[in-house]
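The values are calculated or read from the model by the stated rules, or taken from the named source; none is laboratory data. Just so it is clear, the model here is predicted, and its values are computed rather than measured. Virtual Cβ from ideal backbone geometry, glycine too; neighbours counted across all protein chains shown.
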Amino acid sequence: MSLPGGARASRDSILSKIRASLGATPNDPARLAAAEKRLMAKPRAAAPQRVAASGTDLVARFTEELQRQLATVVATAGAGDIPAVIAGYLRANNQPLRLRHGNDPYISSLDFAGIPDFETLKGRAAPDDSTGLSAAFAGIAETGTMALTSGADNPVTLGFLPDTHIIVVPRSRIVATYEDAFALLRQERGPTPMPRTLNLISGPSRTADIGGRIVIGAHGPRRLLAIVTGDL
Amino acid sequence: MQPTAHDFKSNARAALGDKQLQDALSGLPGGLVAQRAAARARLPEFDGLRDYGRDLRNHTLEHLDVYLERYETAVKGAGGHVHWAANGDEACAAILRICQDAGARLVTKGKSMVSEEIGLNARLEGAGLEVVETDLGEYILQIRHETPSHIIAPAIHLTQGQVEADFRREHAHLPAGRRLVDPAELVDEARQILREKFIEADVGITGANFLIAETGSSIIVTNEGNGDLTQSLARVHIVITSIDKVVPTLDDASALLRLLARSATGQEITSYTTFSTGPRRDGDPDGPEAYHVVLLDNGRTELLGSEFREVLRCIRCGACMNHCPVYNAVGGHAYGWVYPGPIGAVLNPGFIGIKEAGNLPNASTFCGRCEAVCPMRIPLPKLMRHWREREFAGGDTPFTTRMALKSWAALARRPWAYHLLARLTSRAMRVASGRSGAFRWLPFATGWTGGRDFPAPQGRTFQELWAARQKQAASKRSAR
Ligand code: SF4
């Protein structure tokens, strides 16, 4: 879409008003350099002691924080245990034994054949899907947060349309802080690290908009299960 | 939105007498106060982070043009579009054009205070589009034809009973005898109704809590997940936001995210923090096909060059209003324009003029709690004082107030006259008050005596008592 003349004028006039308000001139090398420096150096605030103190058990911290936010967290040794954990969780919550996931290789390798009448579907979420299964890019211990990158491996809608969202979190990818997760993104995804959607998920959907009382399951998932897996 | 800030006094009087409003307000902002305190106690770094956040925002504002250009380049690099809007009219026009180009009929919308600022819904509806608010609080307000009374808890002024009545009236196609006793039942009903809208929508509009220059991402911070359904299911995602939201890097956003939810609701972090960058990528099975950002100025560039620059550090957490005794007494609507509470008292005069909003910076006890809790350490009382000074300098202060201030100033500059008058007045009041020692009614002070008695001075002024004490002490010393 080409920029209409009026919009171009607004752009230039906003930028020049900003410069006038700051007493700055366009392309001032010192100001450009100051901004460039921050963009390159990416300074960080001090990491919270709760994850930075030496000897911190990041997995334990991740688990505790996520549970405080009303998610269920289960630790497993590896892929062999996950189907049974999922089936048990769905049964306990009276949910159909059916879920949908994307092309994520680890999730695609899970073998549900041993569970009678279990159905798995692939692709983006459909409106009547009851459960979505995704793999997290990383776990973040400081607040029990999971970072998910959208794409064919893990379609973003799986985390919002179904009533139940299940996320597999590799134990080895639980880092201390948000900044650590972003560093991992830059390291593994190159110069343009962001997927279309990066979701930081820290609990099930909730609202306090009616009378200030917290209700779980506003528009997104009513329940959230995180499975920490040891073989990744 | 048509401002009624000039009517603050009568708005406030009505609010104080509104039983339902007072019921809704009782304890609610107070609950958020306690939750914030608990979250702060769990993070010993909290106050240090506030300094960090303040400095980071100052740095960004000092290089705002540079970061905005970097941000624009990054958005384009990811396949998105940036539209600059000098004012609300331009922003609405840009959004309407995008909707029309997309052949849209149904627009879903996540929570956005900037969209309130520019009156977006009315503009889109005027052009024949159906606009559905999807944040639960905003949805309730939309069916009530009301505006938000709080920047993060927009329906905080309503009781559960009011919402039930609204749902019964608005969702008349549902069985009349259905149970709507528990908040969860009300939430469920809204969930069912809004689901269909998410799925049918052509365009999804969200706001942004932050923009990231490094990556060209926009961030929304939510608990419900409505913003995610809004932007992931529609064909087009439009972000309506303002130029002050940009931060340099993902790491900078991290520091602010640590402060935002804790200050707002007392959560460590909200359920969902979503970073959106461009449209869906090749091979993506979902997500919007187009991504547009509308960047609004609307007076912010002027604030940047004024004594009010610091207000642009605001991250819209709402802590200042939760902690404000005036907000807690009258609620948000009394402020008469988009932003209520202390932040509104500083922002609104900048956006709609001190003539219209002059009451707001005056509606403060200057108790200082807002500044004490502001995560960005914005000196809100000082900025309100600056507006009072501007109001006075511009001749917009009411005549009686000006006269009173002038006479007081004349007296204060002449201590002998001040003491004399103080002495005479306190004597006279002592005598006139009679045996009760209080007045039931006083001219020029009916605002006080209308609600309670005014205690009379005891007869002697502080200066007199002090002089007498000094004298007594001196004579004691010389007697020794
Ligand atoms: S002024 Fe401070 S406390 Fe008030 S909303 Fe903005 S950041 Fe929060």
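A few remarks follow.
- Residue within region A:73-83 that is of a type outside the set (Gly, Ala, Ser) and over 29 Å from residue B:269 (Cβ atoms) present: yes
- Tabulated pairs, region B:50-64, first in contact (Cβ under 8 Å) with a residue 12 or more places away in the chain and closer than 13 Å to residue B:246 by Cα, second of a type in the set (Val, Ile, Thr) and in a helix (DSSP H, G or I), C-beta under 9 angstrom, 6+ apart or interchain: B:64/A:18; B:64/B:243; B:64/B:301
- Residue selection: residue B:441 fails the criterion of being of a type in the set (Phe, Trp, Tyr), part of a helix (DSSP H, G or I), without any contact (Cβ under 8 Å) to a residue 60 or more places away in the chain and more than 16 Å from the ligand (Cβ to nearest atom).
- For region B:310-427, the helices (runs of 4 or more DSSP H) that sit wholly inside it and include 2 or more residues that are within 16 Å of the ligand (Cβ to nearest atom) and touching a His at 6+ places or on another chain (Cβ under 9 Å) are B:319-322, B:341-352, B:369-373.
- Restricting the first member to region B:257-277 and to residues that are away from the ligand (no atom under 16 Å from the Cβ), and the second to residues that are of a type in the set (A, V, I, L, M), the beta-carbon pairs closer than 6 Å and six or more apart or on different chains are B:269/B:261; B:273/A:200; B:273/B:221; B:274/B:220; B:275/A:198; B:275/B:219; B:277/A:194; B:277/B:78.
- Of all residues in region B:445-460, those that are modelled with pLDDT under 85 and among the aromatic types (Phe, Trp, Tyr) total 1.
- Condition met for residue B:15 (over 30 Å from residue B:253 (Cβ atoms) and in contact with an Asp or Glu (Cβ under 7 Å, 6 or more places away or on another chain)): no
- Whenever a residue of region B:386-403 is under 16 Å from residue B:6 (Cα atoms), its partners that are among the charged types (D, E, K, R) and part of a helix (DSSP H, G or I), lying with C-beta atoms within less than 6 angstrom and at least six residues away or across chains, give the pairs B:396/B:355; B:397/B:391.
- Residue B:290 within 16 Å of the ligand (Cβ to nearest atom) and either without any contact (Cβ under 8 Å) to a residue 60 or more places away in the chain or assigned by TED's automatic domain parsing to the domain that holds residue B:83 (or both): no
- Lone qualifier among B:413, B:440 - being closer than 30 Å to residue B:360 by Cα, in contact with a Ser or Thr (Cβ under 8 Å, 6 or more places away or on another chain) and loosely packed, with under 13 Cβ neighbours inside 10 Å: B:440
- Residues satisfying the stated conditions in region B:136-182, i.e. of a type in the set (Ser, Thr, Tyr) and part of a helix (DSSP H, G or I): B:139
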